[in-house]
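Nothing in this text is a laboratory measurement; each read-out follows from the coordinates by a stated rule. Keep in mind it's a predicted model, so treat the numbers as computed, not measured. FYI the Cβ positions are ideal-geometry reconstructions off the backbone, even for glycines, and counts take in every protein chain you see.
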Amino acid sequence: MAYVITAPCIGVKDGACVLVCPPNAIRGRPDDPQLFIYPEVCLDCGACVEACPVGAVFADVDVPEEWHDFIALNDAKSRERR
Ligand code: SF4
């Protein structure tokens, strides 16, 4: 399991999640529309869920149906930047 950042983050990128993530699994470049969680780095602690002010973070098994594409999107960003 890993956690996933979904649509509400787009255009927000608050960054509070970054500050509470122990392994630095949440990353984004200035030109990214949102932040991403790198699944191979995520420890599944859940701290980012509470930190997010817009409710953008879910465990992958709990991602709402309409945002399922974000599971692959977070993983793809991680892979392209290894
Ligand atoms: S669940 Fe924990 S380790 Fe994973 S991204 Fe969120 S804060 Fe980081």
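When only residues in region 38-48 that are in contact (Cβ under 8 Å) with a residue 40 or more places away in the chain and near the ligand (Cβ under 7 Å from one of its atoms) count, which is farthest from ARG81 (Cα to Cα)?
Of all residues in region 38-48, those in contact (Cβ under 8 Å) with a residue 40 or more places away in the chain come to 38, 42, 44, 46, 48.
Okay, now just the ones that are also near the ligand (Cβ under 7 Å from one of its atoms), so 42, 44, 46, 48.
Values: CYS42: 15, ASP44: 21, GLY46: 23, CYS48: 21 Å.
Among them, the one singled out is GLY46.
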**Prompt:** Which one of these is over 21 Å from GLY15 (Cβ atoms), of a type in the set (Asp, Glu) and in contact (Cβ under 8 Å) with a residue 24 or more places away in the chain: ASP69, ASP60?
**Reply:** ASP60
**Item:** Residues of region 4-37 satisfying the condition of being near the ligand (Cβ under 10 Å from one of its atoms) and polar (S, T, N, Q)
**Value:** ASN24
**Asked** Name the residues in region 52-80 that are part of a helix (DSSP H, G or I) and closer than 12 Å to ILE5 by Cα, would you?
**Response** ASP60, ASP62, TRP67, ASP69, PHE70, ILE71, ALA72, LEU73, ASN74, ASP75, LYS77
